[in-house]
Every structure is written in C-alpha cells, then in structure tokens.
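Okay, structure first, notes after.
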Amino acid sequence: SQQGEEDPQALSIQEGENATMNCSYKTSINNLQWYRQNSGRGLVHLILIRSNEREKHSGRLRVTLDTSKKSSSLLITASRAADTASYFCATDNALANSGGSNYKLTFGKGTLLTVNP
Amino acid sequence: SAVISQKPSRDICQRGTSLTIQCQVDSQVTMMFWYRQQPGQSLTLIATANQGSEATYESGFVIDKFPISRPNLTFSTLTVSNMSPEDSSIYLCSVAGTVQRLDEQFFGPGTRLTVL
C-alpha cells in the first residue's frame, strides 16, 4: 500500500511566494525525508526529520512533522524559478542500530511544483 | 553526503535483451538499494543489495528478472533481464549508513532505460 501521499499533486506559484506541500503516511515511522527531483533526474536529499522532532529548518526550507496526525509539511519560502521540480516525501522505520532493510524508503506520489518567473 | 555515480546514464535497448547498470559510491556505506521509477510515477523499491550475499527483493520483484550483485561496500550492479517495453523506467541506486549521516539516504543520478 502507498505509505506517503503528498498533496497537492501539482502546485503553481509566482516567484517570491511561499510553497507548502503536505505528506501523509499510514504506519509508524522513525524518519521522514524530503527529496527534490528535477525533470526525471536523480533525487536530491533536502532534509531528514526524526519521529521525535517537530520542526526543522534548512535555508529556505522548513519541515514540520506531526506524528499524531501522521503528516509532514515542507515549506519553501521566497520561491525561485529554480525551485521548479517534483518534491517527494519518503518514510522509513530504521533505527540507528538496527541495520538491515529497515532503512528502505516508502515514497509518496510527489508534488510537482512550478514557480513562474 | 556520499557521491554516487551510475553507468550508463541512459540507454535504448531492444526487447529480449539485458542491461546491467552499475552504481559506485565514493565511500563505504552500510546499505545500498535499487529503485525503479516508471514514467510519471513515484519510486518503488526493487531490492536491498546485500554485500556478499543474495539481495533481498520486494514483493513483485524476482531475482531472475533483476539479478543484483554487491561485491563490496562501495559498488553494486542491477541487471534488467529479458527486457520488455514495460521495463522502460528510470532505475536509481541509493545508499544509506554513511559514517557522517547514518540515517539519511542519498540517490544516484539514475539510469533512464527505454525498451523498444
């Protein structure tokens, strides 16, 4: 079954505006990671948030996690045309010392963000 | 973060043939994985590449179709066997368990495969 579901599926905004993308998941997790993918290329790792964290920042990115609602959001502030890409959330139930296949990720369907200049 | 390279970056293949994709990491990592991304879709895990032993496959993926090798901690290969047009996808390797960032998973640039 699909673990992560992003919404919206597509988002179009003007340069300078903020973009918010949401991700929901179904089972318990240990980590949630956000990735960016430009036009069918490889995935760029943006940020990891652990299940015991509620908010994390990295530059213009802000990620929140609400484990009670099994949801996360990614906020991109002051967007730029170069932010145009697909954004995916991915969850795992890896524990730092468990090793093995617990590190495997389950991906959401992604949000296609278009930032118009 | 780990630097990951994949070869080839893209290929166009004929039905019934096989293609082997290589994944090389610039540092030793604990985990290596192979994912498939079909056109317009999200990523689906094919298997976990285990060093020195058989890969662990996800439901719907079998060793005869996707044989995987991982001879050491920095290298893995995925073969797509007896290809059909339905195998046209982007294939991505990923790694986790680097020394600096244990839980984060990083992806290679992908191999775009088109099967005619």
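Summary table below
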| quantity | calculated |
| --- | --- |
| Hits among aspartates and glutamates - C-alpha to C-alpha of A:K70 under 16 Å, sequence gap 8 or more where chains match | A:E5, A:E6, A:D7, A:E53, A:E55, A:D92 |
| FRET efficiency, B:T114 to A:S28 (Cβ-Cβ, R0 45 Å, nearest 0.05) | 0.70 |
| Charge tally in the Cβ shell below 15 Å around A:A78, where Lys, Arg are +1 and Asp, Glu are -1, A:A78 excluded | 0 |
| Cβ-Cβ FRET estimate between A:E15 and B:K65, R0 fixed at 35 Å, reported to 0.05 | 0.20 |
| Cα-based reach from A:K69 at 26 Å (exclusive), listing lysines while leaving out same-chain residues under 8 positions away | A:K26, A:K56, A:K104, A:K109 |
| Percent of C-alpha pairs per 10 Å bin, chain A, short to long | 15, 47, 30, 7, 1 |
| Disulfide-incompatible cysteines by the Cβ rule (no partner under 4.7 Å) in chain B | B:C13 |
| Relative contact order (%) - chain A, alpha-carbon pairs under 8 angstrom, separation at least six | 37 percent |
| Orientation-averaged projected area, Cα convex hull of the protein assembly as shown (nm²) | 12.3 nm² |
| Shielding score for B:37-46, defined as the mean number of other chain Cβ atoms within 10 Å | 5 |
| Zone of A:K56's modelled label, taken as backbone nitrogen in region A:25-49 under 19 Å from a point 7 Å along Cα→Cβ | A:25-37, A:43-49 |
| Proportion of all alpha-carbon pairs of region B:1-74 beyond 22 Å (%) | 26 percent |
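Bear in mind that the values in this text are calculations on the coordinates, not laboratory data. Every value quoted in this text rests on a predicted model; they were computed, and no experiment measured them. Quick reminder, even Gly has a Cβ in these numbers, built from the backbone with ideal geometry, and neighbours come from all protein chains shown.
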